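Notes follow the structure.
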Amino acid sequence: MSVGLIERYRDRLPFAADDPVVTLGEGSTPLIHAPTLSDRVGAEVWIKFEGLNPTGSFKDRGMTCAVSAAVREGAEAVICASTGNTSASAAAYAARAGLRCVVIVPEGRIATGKLAQALMHGARVIALNGNFDEALKLVREVVDRHPIALVNSVNRYRLEGQKTAAFEIFEQLGAIDALCIPVGNAGNITAYWKGFNEVDQKPAMFGFQAAGAAPLVEGAPVANPQTVATAIRIGNPARWEEAMNAMTSSHGAVRAVTDAQILDAYRFLASREGVFVEPASAASVAGLMVHGAGGAERVVCVCTGHGLKDPDTALDQVGGVLPCEPTLTAVESAVLG
Ligand SMILES: *Cc1c(COP(=O)(O)O)cnc(C)c1O
């Protein structure tokens, strides 16, 4: 039986014993040793596969907490701006809790799987003729005017839930030297750093942004962020200072990886390690492959979302299927060819 993370870590989360809990059994995701990647980069590398959460991304860790708190506070509706995974997760947990859910996504930039999830879970999906940063600014204004709970990672319960991934890594591996993680709105790296600190761990935090959406690397907001890794297509991260503090005080760094490097790592993970992640998730591995992790010996790469989220990008990256007539000769030549 899988218990959700509020139940697993209630003593370290802002929930009392009799508080309502909205859970889909999130957390407790596998930490997968990556031997081929380890050889390639000359370190012991593990993948924290967050794509195996209930809706296919780490957002579920934060959402069980944000939606449980919203229910505790008597909310009837939740809202978020999203590059995709937050909306899928918010829609699922809201459905579970019987709350209305509204999501605002950048038009045409959300991966197919994520859109299907939000719609199937019954959310009202608004496609904004604008980018994520504009969507977040607008939903913040909406919640100032209406009694709707905001479940973006500016919500403190999101980070509380997400920090539990650091607990799991520590429980399983003990001390690690470095954590590599993709950075978009910068909530997750902030949450991991909080979690590690709560168990007295200080791994070097290496954050990786897509080169076309790398405000933290450039030191200034990016007006028109562009990248194939849509989940981190963000030009003005909400948790900017906290993320920079995590990287600086842990002696890590923030670096950029190009879309080509992200897609190389994406194919490498799927074809050589058997782990299919979405493009944004491959940014952590791309960063490790391209920039290293400061000479760390034991490294965890966070792979934030599942590859099935974005089938279109996957199919763009690989060869097609082989057509074949239904005869033994044709099948043999196709099989052995
Ligand atoms: C949300 C998300 C990110 C970025 O996380 P932030 O907390 O916004 O930095 C990275 N990868 C995936 C798959 C995501 O859904």
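Using every Cα-Cα pair within segment 59-156, state what percent have a distance larger than 21 Å.
The calculated P(r) of segment 59-156 puts 21 percent of pairs beyond 21 Å.
Could you state the number of Å between the C-alpha centres of segment 217-246 and segment 154-183?
19 Å
With an 8 Å Cα cut-off and a minimum separation of 6 or more residues, compute the relative contact order for the chain in percent.
Normalised by residue count, the contact order of the chain is 19 percent.
Mind jotting down a quarter of the surface of the convex hull over the alpha carbons of segment 1-48, in square nanometres, one decimal?
For segment 1-48, averaging the hull's shadow over all directions gives 4.9 nm².
Taking the Cβ of Gly212 as the centre, find all other residues whose Cβ is under 10 Å away and add up their charges (Lys, Arg: +1; Asp, Glu: -1).
Taking every Cβ under 10 Å from that of Gly212, the sum is 0.
Considering only Gly319, Gly294, Gly56, give the residue with the highest GNM mean-square fluctuation for the chain, with springs between Cα atoms whenever their separation is below 10 Å.
Highest fluctuation of the listed residues: Gly319.
Determine the sum of side-chain charges near Leu13: Lys and Arg each +1, Asp and Glu each -1, restricted to other residues whose C-beta is under 13 angstrom from that of Leu13.
Its environment carries a net charge of +3.
Once the dipole of the chain is set up with Lys and Arg at +1 and Asp and Glu at -1 on Cβ about the Cα centre, which of Gly295, Gly207, Ile79 lies farthest towards its positive end?
Going by the Cα projections, it comes out as Ile79.
Shape verdict for segment 174-284, please, from the Cα gyration tensor: rounded (a/c under 1.5), prolate (a/b greater than b/c) or oblate.
oblate
Can you give me the distance in nm between label points at Ser38 and Val199, each placed 7 Å from the Cα along the Cα-to-Cβ direction?
Taking the simple label geometry, Ser38 and Val199 are separated by 1.9 nm.
Please compute the modelled spin-label separation between Asp312 and Thr248, points set 7 Å along Cα→Cβ, answer in nm with one decimal.
For the pair Thr248/Asp312, the computed spacing is 3.9 nm.
Can you tell me how much longer the chain between Arg156 and Ala127 gets when fully stretched, taken as 0.36 nm per residue apart minus their C-alpha distance, in nm with one decimal?
Length difference between fully extended and current span is 7.9 nm.
Longest exposed-loop-site-free stretch of the chain, with GluC sites (Glu not before Pro), DSSP loop and at most 15 other Cβ within 10 Å?
That would be 108-296.
In debye to the nearest 20, how big a dipole does segment 17-146 give about its Cα centre with +1 on each Lys and Arg Cβ and -1 on each Asp and Glu Cβ?
With only Lys, Arg, Asp and Glu charged at Cβ, the dipole is about 260 debye.
Give, in nm to one decimal, the length gained when the segment between Leu322 and Leu336 is fully stretched (0.36 nm per residue of separation minus the Cα-Cα distance).
Result for the pair: 3.8 nm of gain on full extension.
How big is the Cα convex hull of the chain in projection, averaged over all directions, in nm²?
For the Cα atoms of the chain, the hull's average projected area reads 18.6 nm².
What distance in nm separates the simple spin-label points at Lys137 and Glu297, each placed 7 Å from Cα in the Cβ direction?
Between Lys137 and Glu297, the label points sit 4.9 nm apart.
Computed from the coordinates by the stated procedures, all read-outs in this text should not be read as laboratory data. Computed from a predicted model, the values in this text were never measured in an experiment. Note that each Cβ is placed from the backbone with ideal geometry, even for glycine, and that neighbours are counted across all protein chains shown.
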